[in-house]
There are 2 protein chains.
Amino acid sequence: MTGRGRLLGKRPSAGILLLAAVLLFPSIAFAGGEDPSVPLLLYLVVILVAAKLMGHLAVVLGQPAVLGELLAGVLLGNLHLAGVHGLEGIATDPGVDLFARIGVVVLLFEVGLESTIRDILRVGLSSFLVAVLGVIAPFALGWLVGAWLVPGHSWQTHAFLGATLCATSVGITARVLQDIGKSRGKEARIILGAAVVDDVLGLIILASISGSIVAAGEGGAPSGIWPQVGITLKAVGFLAGSLLVGTWITPRLFSGAARLRGAGVLIGVSLAFCFLLAHLAGVAGLAPIVGAFAAGLILEPVHFRKFGERNIRHLEEGLRPLVELLAPVFFVQMGAKVELTAFASTGALWLALLLTVAAIAGKQVCSLGVLDRTVNRWAVGVGMIPRGEVGLIFASIGASLVFEGERVIGATTYSAVVIMVVVTTLVTPPLLKAMLADPKPVPPPDGGA
Amino acid sequence: MTGRGRLLGKRPSAGILLLAAVLLFPSIAFAGGEDPSVPLLLYLVVILVAAKLMGHLAVVLGQPAVLGELLAGVLLGNLHLAGVHGLEGIATDPGVDLFARIGVVVLLFEVGLESTIRDILRVGLSSFLVAVLGVIAPFALGWLVGAWLVPGHSWQTHAFLGATLCATSVGITARVLQDIGKSRGKEARIILGAAVVDDVLGLIILASISGSIVAAGEGGAPSGIWPQVGITLKAVGFLAGSLLVGTWITPRLFSGAARLRGAGVLIGVSLAFCFLLAHLAGVAGLAPIVGAFAAGLILEPVHFRKFGERNIRHLEEGLRPLVELLAPVFFVQMGAKVELTAFASTGALWLALLLTVAAIAGKQVCSLGVLDRTVNRWAVGVGMIPRGEVGLIFASIGASLVFEGERVIGATTYSAVVIMVVVTTLVTPPLLKAMLADPKPVPPPDGGA
């Protein structure tokens, strides 16, 4: 307790003890009878309290809160190893799962809102090359690591592993750049531009692979290169089509909606739009997050000008509490699915290690895409390292897909992906600070590991 | 369309047509495969769009938005009568149900936040008498109507019907008083004070009856007056105990939580506190909303002063988007459970009519509790008429309870309660305006019907 007491302030007060005590609640019997929300309510209590406590610890230690939420999940999901039972439902309860799924849809909608279609079309050539190289190299390396270390699985599993390494989570990079006053530098612009393109390319790869698995599961499509090309084109087509149709429809939709009276019209209609595209993506055999992200890309402040003061900034502010309730449910559930016992074998540890190396080394290839010689290329490569939520989301989708009778992402592979996400997130801030706080280019870190 | 076009502005634009077209989506096949969120996403789209469109119509017609949401549900839930299928899930889907249940917990938390324990202890003698009379009279009248018109059912069904008539929903009254500049008058203070006490008494009655049904279902408690007294004492004890313990714990809990860093700590910890009490209420055999309401009563602005600027006003603002997403899910689902075919029999129409008369007449007894002769007593009685969400919540709990093999609140009785809520909400604004806009007391409306 002394460590935590120090981190929290002068004395470990009764309040902290009480807050922590709520975590010791798991053994309460579920006597709630027929109301299915009664156990869910307890899970939500434990998830929220653990997420906020561990998120605090992460922030105090200079890490992003999401890392703490993930580790809170790992702790809660493995409490049974310490003989504490009653919280297994956090990883398996259908109610928690439904909240987590809607949470990740709202989260990707928020991520999409941060960019516009114009942003994507306008990224410079450097950003575009960095993004493409930063997707191809980790995808190939991840696939190779999978083929080498989990040879008994289908190529879909190996490709899925590659896909989890594609999308950059620049939230951490953006905050470090802000901390050291470099958020408006050329490096920052290249990294942020590349990350947006990254997300789109990663989602297309995800859509393509999971589409092929779903089609094979329905016995519809034979395996091979041409069906795969067809499914990829379908994914690209869905994204491009929804962006085109969406861009045409939304101004009309929102100028109509702006006339509606009553509370919460903007947020209600925006969420309905997000949920509609997410649903359509699901119906098309893609992940709902693809549609939610597209919905976020489509919506732009100009659509809301008829709402008067209630513009897109208000929309993002309005979404915050929703994301703050639902996103921790997703991240804690992600963590809870990690089976620590999976690491009893050295094979699993090797997989986690090599996946992490592939993730870091793969993104260093990015730096070749930087055309401007005055830019610190290695800083761009380092800035692209963190994977964060999108990698986790991909892994969780793989864990929910079944191909030829087995999960595409099994317990061991899933846990290895989570380790990779945690490590890439942890190494970025110190490396980036070391490189950019000093204006002279520093020598490249060897091997990237 | 001309009517709607007129209500919405000068011309029925393409936007409105598009917004309405989303409602015609139900026939899309659910091909989402294994992701359980895909159908839920569509239900949420339809619920949000219908709620905002009908809420708008209600507001334009001078009615509260919640009335429009309820009617949107009645329409959606009975579309199958018009041959449109695919939306039956709004009334029956377990995912929608879970979101609605969490929604009503958050809603009652918000209602509780609007009052403090001190408010309840401080209501004047007039408010207290008005509240007590306004609970006893409608409870007794509702029970009698039940015993007369649905004689084949258990006394629990009759008592439950009485309970749905107890709690006043003063939101509508408060807004009418504000509109005519009387929100600081003596009548307003008596009505608002009585409504808070009303909520507490109504929840105790609900807890007592549903507790007795759950206990009987478990074969634990024999029927009779003394076990009922015991269950009532348990409900009172839970409320009093959680208020006492909560008042002692929360200052410590929140002064500890205020030291946590990271986003959304206040809203996360507040929701965790609400969900914890709701869960404990469920475990104790009471409705989770009893705990959520108690949590709202306990939390006071003073607990948040260590959060600096982020005080309780920010908490209520932060809860808004959550309530705006989740509460329409609850109200639309409530409406969707109304079976219009139930009104094919004259017996059901009689039940709806007499229940409404009992609801209105019962609250007129209130006016006897007003001691101050300068107060417009009849206006107090009229101001207490609207039932709104709490009556609906009680009915939905009754519909989910099974006693001796049949639902406590069956399809016909449920639909009659919804009609009663709609009518009491509709009649209040014009009556109240007629009574208070003119400073002279007007003659009482005869019979109250």
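The values are calculated or read from the model by the stated rules, or taken from the named source; none is laboratory data. This one's a predicted model, so the numbers in the text were calculated from it and none came from an experiment. As a convention, Cβ positions derive from the backbone with ideal geometry for all residues, glycine included, and neighbour counts pool all protein chains shown. Just so you know, the surface numbers come from the protein's heavy atoms only, side chains and all, with ligands and any DNA or RNA stripped out. Shrake-Rupley method; radii C 1.70, N 1.55, O 1.52, S 1.80 Å.
³J(HN,Hα) across the range A:360-374 via Karplus (A = 6.51, B = -1.76, C = 1.60, θ = phi - 60°), whole Hz, x for Gly/Pro?
Couplings: 6, 5, x, 6, 5, 4, 3, 4, 5, x, 7, 8, 6, 6, 7 Hz.
Please list, in order along the range B:257-270, the HN-Hα scalar couplings obtained from phi with the Karplus expression 6.51 cos²θ - 1.76 cosθ + 1.60 (θ = phi - 60°), rounded to whole Hz, x for Gly and Pro.
Once rounded to whole Hz, the list reads 5, 5, 7, 6, 9, x, 7, x, 5, 4, 5, x, 5, 5.
Summing both sides, how much accessible area is buried between B and A? Use a 1.4 Å probe and give Å² to the nearest 100.
Details: alone 20530 and 20500 Å², together 34630 Å².
That pair hides around 6400 Å² of surface in total.
Tell me, what HN-Hα J-couplings in whole Hz come from the Karplus equation 6.51 cos²θ - 1.76 cosθ + 1.60 at θ = phi - 60° for each residue of the range A:320-337, using x for Gly and Pro?
After applying 6.51 cos²θ - 1.76 cosθ + 1.60, I find 3, x, 4, 5, 5, 7, 8, 5, x, 4, 5, 5, 5, 5, 4, x, 5, 7 Hz.
Quick one: net charge around B:G410, please, counting Lys, Arg +1 and Asp, Glu -1 for every other residue with C-beta under 12 Å from its C-beta. Intermediate values should be presented prior to the final figure.
Numbers: positive: B:K337, B:R407; negative: B:E339, B:E406.
Summing Lys and Arg as +1 and Asp and Glu as -1 gives 0.
Only sites in a loop by DSSP and with at most 10 other Cβ atoms within 10 Å count here; which trypsin sites (Lys or Arg not before Pro) in the range B:166-218 make the cut?
In loop regions of the range B:166-218 (DSSP not H, G, I, E or B), the sparsely surrounded trypsin sites (Lys or Arg not before Pro) are B:R184.
In the structure shown, do any of A:K52/A:K234; A:K52/A:K182; B:K52/B:K234 have a Cα-Cα gap over 32 Å, and if so which?
A:K52/A:K234; B:K52/B:K234
For the range B:67-210, report the accessible area per residue in Å² (1.4 Å probe, heavy atoms, rounded to an integer).
In whole numbers, the range B:67-210 has 38 Å² accessible per residue.
If you roll a 1.4 Å probe over the range B:147-193 with all protein chains in place, what percent of the accessible area is carbon or sulfur? All intermediate terms of the calculation are to be shown ahead of the outcome.
On the way: 1100 of 2040 Å².
In the range B:147-193, the share of accessible area belonging to carbon and sulfur is 54 percent.
Amide H of B:F403 versus every other amide H placed in the peptide plane: which residues, excluding those fewer than 5 positions away on the same chain, fall under 5 Å?
The answer is B:V408.
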